[in-house]
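The values are calculated or read from the model by the stated rules, or taken from the named source; none is laboratory data. Keep in mind that this is a model prediction, so the values were computed, not measured. Here the Cβ is made from the backbone with ideal geometry for all residues, glycine too, and neighbour counts use every protein chain on show. The accessibility values were calculated without ligands, DNA or RNA, using every heavy atom of the protein model including side chains. Shrake-Rupley method; radii C 1.70, N 1.55, O 1.52, S 1.80 Å.
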Amino acid sequence: MRFDDRFLDEIKSRLRLSDVIGKSVKLRRQGREHVGLSPFTKERTPSFFVNDDKGFFHDFSSGKHGDLIAFLQETERLTFVEAVERLAAEAGLALPEPDPRAAAEDKKRQGLADWLESAAAWFEGELRRPGGQAARDYLTGRGLPESDWGRFRLGYAPAGRTALKDYLVTKGARPDELADAGLLIVPEDGGAAYDRFRDRIVFPIADGRGRMVSFGGRAMDPAARAKYLNGPDTALFDKGRVLYGLAEARRLLHAAAPDAGAGLVVVEGYMDVIACQRAGVAAVASMGTALTEAQMELLWRLDPEPTLCFDGDRAGVLAASRAIDRALPLLGAARSFRLCTLAGGRDPDDVLREDGPAALKAALAGALAFVDALFARERDVGALDTPERRSGLKQRLRSAARTIADADLAAAYKDALLARHDAMFATAAAPRRPWTALPGSRGRGGRRGPPPDLPAPPTPEGRAAAKRLAVGIEAVPAALARHAIADPVVLEAHLEALEARGFGDPALGDLAREIVRLRLSCAHLDSDTLRRHLASRGFSALLNDIDRAATHAGAPFPKDDVTLAAVRSQWSHAFEVLNRMAALEEALTAAKQDLAGGAGVSALMDLKTERDALRRAIKTGQVWLPDPAP
């Protein structure tokens with residue numbers, strides 16, 4: 001008989017795990033858990049833990065863990081069906097009526113699962129054959145030794161168009177079955193089916209119970225259309241309801257000591273999950289899409305406050321923002337998240353390889369509470385230098401709180417968000433701790449220093465052919481913006497800084513963020529498309545103001561007598577100068593807050609000296625721009 005997940009979840013919701021286990025094991029409460037002597041081994045010191053919140057037991061003496069169904073199977077040698085029947089009776093639930101169609105579907109799904117298992121074993125073998133050499137080199141280069149490949153069942157799909165298909169057909173598979181399992185692609189023109197995964201490192205995807213449901217693949221060819229490819233939705237696989245690495249993360253959670261700390265962590269990629277789990281961090285990832293409501297429910301079953309750890313690049317910041325929006329309506333008691341965005345554009349795998357597990361765990365420990373991450377995001381939407389803009393922040397905070405379905409929590413969030421708003425403006429300088437780490441920062445809690453050094457100025461010989469930027473500080477941003485709109489290519493290396501600090505003038509902040517948003521939503525951006533889009537978004541008057549200000553600026557870009565490459569080099573240098581100025585202003589604000597907390601004045605004075613020197617250099621035209629020969 002088949003029992004769907006809803007029926008099994010209903011049983012678990014009606015029965016407390018400690019009550020069921022307590023009938024055969026003497027338990028005593030210890031914090032949020034119950035502890036007792038192992039029912040599986042003879043021991044004198046209790047090492048058997050039961051956690052009602054998570055719905056699982058773990059026995060350190062034998063290594064066994066599972067839910068209440070697994071407990072009955074282990075201790076009373078019941079089959080799965082027998083254990084469910086026993087518990088359903090105890091919970092007062094009638095067993096579902098047998099359904100012939102459901103039985104047929106079960107048989108079909110089991111057949112697909114068997115072929116997926118055969119494919120996984122074949123992929124594993126191909127990784128170790130001569131054709132998998134490049135894949136082996138890649139994994140080793142990423143710091144993943146061969147000794148761990150088997151733990152994560154990593155494999156390789158060779159480049160042949162039908163290599164997997166041919167192998168499984170000889171084992172008795174039908175092509176239509178393999179297509180239903182997501183292993184083959186059937187052309188729309190009626191041609192022969194071919195392998196979905198070709199010349200890719202293969203990552204098996206399992207459900208929460210460890211059963212194979214699909215695969216993901218990383219292309220070995222840098223020119224491949226898709227770097228990462230997941231299997232399609234099938235009778236076994238729904239990408240919005242599965243989390244990569246969940247079964248292993250569950251094992252790590254239940255093997256961890258009660259005070260281990262980090263709990264469940266959500267990261268962005270397969271390699272991040274593997275790196276974290278190798279370091280003992282219980283990590284999972286969504287299937288290359290935004291975190292869904294169903295996936296959030298899965299997470300909350302294991303941890304009431306998982307940590308969302310996103311990469312420190314632009315995509316990671318956007319993913320964090322989407323997660324906040326999607327989670328807000330679902331928040332409730334024991335249903336929240338913490339958010340951790342890694343500095344320097346790095347991902348968890350980078351941090352673990354470069355700095356070690358302690359550094360990643362320290363970053364996770366400093367994750368923002370959800371309410372703080374939400375406040376920081378809304379605060380950093382734009383400048384807050386006028387009453388109207390401050391009022392806009394207050395309205396956004398109220399609107400965000402109203403999104404929460406739980407009325408009591410919504411009211412508490414509104415109070416907490418507005419209290420943070422009032423506290424921020426109670427000081428002379430508004431705090432600007434961004435919800436993403438500043439370049440050059442020393443991490444959460446440490447003093448922020450200035451960002452990395454700017455490119456070295458031209459040599460004395462080069463200054464003879466250089467032109468001075470003899471314009472006011474207000475005019476330079478206009479010149480930067482005008483040329484960026486005329487030649488959007490210059491923005492490619494500076495999108496993250498542009499999104500964070502704009503062109504160096506608060507009046508251009510909204511314009512800069514709209515440009516970044518458009519660039520991230522399209523593969524290519526040209527000047528005409530950009531101008532039309534900005535005009536449609538209400539920036540026409542501002543564009544005219546920019547043109548007028550830039551005309552009077554006398555900036556050395558664009559010029560007719562130098563190459564396009566030279567113009568772009570000059571633009572980048574000027575942009576970096578103003579970006580440095582904006583970063584110094586932010587660092588000064590942070591240092592003033594540290595001073596209010598009792599910190600020393602030396603750091604503040606160093607930053608102020610550097611800021612003032614750079615400001616004088618800009619205003620007096622002493623910022624030199626290299627002018628390569630045309």
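How big is the charge dipole of region 266-388 about its Cα centre, in debye rounded to the nearest 20, if each Lys and Arg gets +1 on its Cβ and each Asp and Glu gets -1 on its Cβ?
Charge dipole, region 266-388, about its Cα centre: 340 debye, nearest 20.
Treat region 229-362 as a sphere of radius equal to its Kirkwood radius over Cα pairs and apply Stokes-Einstein at 4 °C in a medium of 1.567 mPa s; give the translational diffusion coefficient in µm²/s, rounded to a whole number.
Answer from the Stokes-Einstein relation: 86 µm²/s.
Find the percent of Cα-Cα distances in region 1-104 that exceed 25 Å, and round it to a whole number.
24 percent
Over 30 Å between Cα atoms: which of 23/54; 107/239; 361/394; 108/239; 12/165 fall into that group?
361/394; 12/165
Explain nothing, just the number: relative contact order of region 125-171, from Cα pairs under 8 Å at least 6 residues apart, as a whole percent.
Here the relative contact order equals 44 percent.
For 489, 317, what's the largest-to-smallest order of accessible area, 1.4 Å probe?
489, 317
Classify region 168-238 as rounded, prolate or oblate from the Cα gyration tensor: take a ≥ b ≥ c as the square roots of its eigenvalues, call it rounded if a/c is under 1.5, otherwise prolate when a/b beats b/c and oblate if not.
Taking the square roots of the gyration eigenvalues as a ≥ b ≥ c, region 168-238 is oblate.
Give me the number: length gained by fully extending residue 528 to residue 542, i.e. 0.36 nm times residue separation minus the C-alpha to C-alpha distance, one decimal in nm.
3.4 nm
Modelled label-to-label distance, residue 110 and residue 9, 7 Å Cα→beta-carbon offset: nm?
With each label point 7 Å from Cα toward Cβ, the separation is 2.5 nm.
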